[in-house]
Amino acid sequence: MITEIIRLKEQGVSFRKIAKELNTTVGKVQYQWVKYQKAQGNTTVNESAPVEVIEQEIPKKRVGRASFGRKMPKLRAKNPRATELSIMFSTSSRIYCYWNITQEWIRHVKSHFKMNADPQPFVLRLYDITSISFNGHNHHTFSDSYVPHTESDWFVNGLKENRSYCMEIGLRLPSGDFVAFTRSNVLHTPRTSHQQEYHSMKELFEYEQGLIKEPKWVEHVSTYSYYVMNQEEKA
């Protein structure tokens, strides 16, 4: 290597170009050159001379629209052609939800209920379904959040400990009623005492022994869409 370095250096080639030519680092080239100069009795070599550094070009990160409270990576629906809604924990008292609602579904629902074709905000309805087999109506409580129609994800606060939740996304009808497109998965917030855990484990044990049909604390809920278009309706 030193022979090539000497040859190129005598031609006035810089350390950076020599390193590139020999497929090595600038530091190694300069080290070999300083070592050579010392061997030749050149005491004027400045070993502390700054090393030429090749700056690597780092691609800039694309900066998205800043949203208040957004700390979760924006997720996408598994099937972009499907109508679906998913929820997950952001914190123990806040959920992050994301969805995909096809324009075909929106047009169908608006046509069915004779709604105005203008864009309308989505309604996120959060249900407390703790310890019940949810059928869409027998919830404990619910709360609504209005979301711009251009959004595809959102945060919802106010979850309580030791509760079970699911969510529906839909529209508010002119009559004031809520109509849902689809329903999410179920989330269970953390339990806060050993007593709560003991009762849950006891019921699970009884269920496994065949003493009860199902644990009372297990919530059953299906994800679905309210409206299923047949071929005639699509036509």
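Values in this text are rule-based calculations from the coordinates and carry no lab data. Note that this is a predicted model, so its numbers are computed, not measured. Ideal geometry is used to build each Cβ from the backbone, glycine not excepted, and the neighbour counts take in all protein chains shown.
Applying a DSSP loop filter and a limit of 10 other Cβ atoms within 10 Å to the trypsin sites (Lys or Arg not before Pro) in region 96-136 leaves Lys114. Here the residues Glu10, Glu168, Glu4, ranked from fewest to most Cβ neighbours within 10 Å of their Cβ, fall in the order Glu10, Glu4, Glu168.
Taking 0.36 nm per residue of sequence separation and removing the Cα-Cα distance, the Val13/Lys114 pair yields an extension gain of 28.5 nm. Taking other C-beta atoms within 10 angstrom as a stand-in for reagent exposure, Asp118, Asp144 fall in the order Asp118, Asp144, fewest first. Legend: ranking of residues Met167, Met115 from fewest to most surrounding C-beta atoms inside 10 Å; resulting order Met115, Met167. Fully extending the segment from Thr91 to His137, taken as 0.36 nm per residue of separation minus the present Cα-Cα distance, adds 13.8 nm. Modelled this way, with points 7 Å down the Cα-to-C-beta line, the labels at Ala39 and Glu104 are 7.6 nm from one another.
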